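Taking it in order: structure first as structure tokens, then the write-up.
The values are calculated or read from the model by the stated rules, or taken from the named source; none is laboratory data. Keep in mind that this is a model prediction, so the values were computed, not measured. Note that we place each Cβ from the backbone using ideal geometry, even for glycine, and neighbour counts take in every protein chain shown.
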Amino acid sequence: MSFESLGLLPELLHAVRDNGYDTPTPVQAQAIPMVLAGRDLLAGAQTGTGKTAAFVLPILQLLAPQASTSTSPARHALRCLVLTPTRELAMQIEESVRTYGKYLPIRSATVFGGVNINPQVKALRAGIEILVATPGRLLDHYQQGNINFSQLQYLVLDEADRMLDMGFIRDIKKILALLPTKRQNLLFSATFSDDIRQLVSGLLNNPASVDAGGPRNAAAELVEHLVHPVDRERKRALLSHLIRSQKLDQVLVFCRTKHGANRLSEQLETDGIASSAIHGNKSQPQRIKALADFKEGKITVLVATDIAARGLDISQLPHVVNYELPQVAEDYVHRIGRTGRAGSEGMALSLVCVDEAKLLKDIERLLQRPLPTQVITGFAPDPTIKAEPILTGRGGGGGSRGGSGRSTPRPGGSTRFGTGAGRRPASPSARSGASPRGK
């Protein structure tokens, strides 16, 4: 199947070709015709599957007949609202709107918190057809009279699962109450909890369903998974060892907390490994600079929290490291979705201590398969160390302990985290410090 066969406008096909794409991804091939047909849509797709273009391209086409070259704000009424959980994702989506819509006179903008509101007000008053927004800042603009929803025709909820995880459900309900009842609704989510299904039941009208992610909550097929058992206090040392011995030059590392991300980044710098942290307490300029430095190779490691990493679009990212396993198994899918994108292979490494045995089991249950395990010589776990509650506040060592408890490990831990534990012994390449993939 080609993009031409989807019936897209010549202007859109031109923009798609400019970006080097010839064949739509499965989610694009399924979703674009449905959206063009005017159907509400419920789409399940992993991150990195091309889901942004799956709604941006058809919405641009639907808006094209009303597009105007006039500079009058009145000729550029707001017709499409895209809600996202994070500013990074909002920026990525709006960049896609500009990229694919560059041959059409359609205006777009983003609004999100953490930055000066005045440039956003100026953009809104100039007139835009497509607005990409985070829920809180969108409500701020509405309350200040900067937004008129009266002509809105299309609503997109992207990464809806994360928006609910972040506690945006009340804001979303407030926003829905402000919108025209007659509109086309599109909901994209990598995972489908009961809360998501409840939201869907009240939002979508006889939706078409698209599931281009394979099995429910499946991880990216091109990603190789590997668990390294290690004591909680030796995680940092093992991470530094892996980066040096395997010559990893671009690594996205996940921590549970903002404090943990800052602390690990500082420790890696002490080890001589160029690193930056990105999380919600960082200002937008700081986050933009950290991401730019990472993409340009100025730093080796970008340490991130789950929330901050949503929407990060890094071409051909080779390595993702779970320095700490996520509290929610579905977040593992989102994390590893940063690698193995657009047909590129990727490696997802998880440094797992005895405290995290239950979290690992939850992930394996979700993926419906065990993850391969490899003990690195010199870092085998001490079998006498007992599991401790996983805490997520400030402080603690090894990235597993902190201020207020949120889960309790299995008593006694797991033999998987004893000396020589694992489903297979360390390979010769691992003993010599080479990559498990032979690179």
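Residues in the stretch 59-75: is at least one in contact with a Ser or Thr (Cβ under 7 Å, 6 or more places away or on another chain) and surrounded by fewer than 22 Cβ atoms within 10 Å (Cβ to Cβ)?
Yes: the stretch 59-75 contains one or more residues that are in contact with a Ser or Thr (Cβ under 7 Å, 6 or more places away or on another chain) and surrounded by fewer than 22 Cβ atoms within 10 Å (Cβ to Cβ).
Of the residues Gln153, Gln120, Gln144, which is out of contact with any Phe, Trp or Tyr (no Cβ under 6 Å at 6 or more places or on another chain) and under 28 Å from Gly38 (Cβ atoms)?
Gln153
Are any residues in the stretch 330-373 out of contact with any strand residue (DSSP E or B) (no Cβ under 6 Å at 6 or more places or on another chain) and not in a helix (DSSP H, G or I), and if so, which ones?
Answer for the stretch 330-373, where residues must be out of contact with any strand residue (DSSP E or B) (no Cβ under 6 Å at 6 or more places or on another chain) and not in a helix (DSSP H, G or I): Gly337, Arg341, Ala342, Gly343, Ser344, Glu345, Cys353, Gln368, Arg369, Pro370.
For the stretch 1-45, give me each residue that is surrounded by fewer than 15 Cβ atoms within 10 Å (Cβ to Cβ), farther than 13 Å from Pro58 by Cβ and of a type outside the set (Ser, Thr, Tyr).
Met1, Glu4, Pro10, His14, Arg17, Asp18, Asn19, Gly20, Asp22
For the stretch 4-24, give me the residue count where each residue is among the polar types (S, T, N, Q), in a loop (DSSP other than H, G, I, E, B) and farther than 18 Å from Val97 by Cβ.
Going through the stretch 4-24 one residue at a time, the tally reaches 1.
What residue, among those in the stretch 270-329 that are small (Gly, Ala, Ser) and touching a strand residue (DSSP E or B) at 6+ places or on another chain (Cβ under 9 Å), is modelled with the lowest pLDDT?
Ala308
Going by what's in this entry, would Glu94 be described as at pLDDT 95 or above, under 27 Å from the mean Cα position of the chain (by Cα), in the same structural domain as Gly50 (by TED's automatic domain parsing) and among the charged types (D, E, K, R)?
Yes; evaluated as a whole, the condition is true for this residue.
Let's see how each residue does on (1) in a strand (DSSP E or B); (2) of a type in the set (D, E, K, R):
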residue: Leu248; (1), (2): no, no
residue: Leu252; (1), (2): yes, no
residue: Asn262; (1), (2): no, no
residue: Ser265; (1), (2): no, no
residue: Leu268; (1), (2): no, no
residue: Ile273; (1), (2): no, no
residue: Ala277; (1), (2): yes, no
residue: Pro285; (1), (2): no, no
residue: Lys289; (1), (2): no, yes
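I'm checking my understanding of the structure. Among residues of the stretch 343-390 that are under 30 Å from Gly20 (Cβ atoms) and out of contact with any His (no Cβ under 6 Å at 6 or more places or on another chain), which one is surrounded by the most Cβ atoms within 10 Å (Cβ to Cβ)?
Leu349
Output yes when any residue across the stretch 346-360 is at positive phi, modelled with pLDDT under 85 and assigned by TED's automatic domain parsing to the domain that holds Val227, and no when none is.
For the stretch 346-360, residues at positive phi, modelled with pLDDT under 85 and assigned by TED's automatic domain parsing to the domain that holds Val227: absent.
Exactly one condition in (1) out of contact with any Ser or Thr (no Cβ under 7 Å at 6 or more places or on another chain); (2) surrounded by 22 or more Cβ atoms within 10 Å (Cβ to Cβ); (3) part of a helix (DSSP H, G or I); (4) of a type in the set (Ser, Thr, Tyr) is false for Ser240; which is it?
(2)
If a residue has to be in a loop (DSSP other than H, G, I, E, B) and buried (at least 22 other Cβ atoms within 10 Å of the Cβ) to count, how many in the stretch 148-174 make the cut?
Counting residues in the stretch 148-174 that are in a loop (DSSP other than H, G, I, E, B) and buried (at least 22 other Cβ atoms within 10 Å of the Cβ) gives 2.
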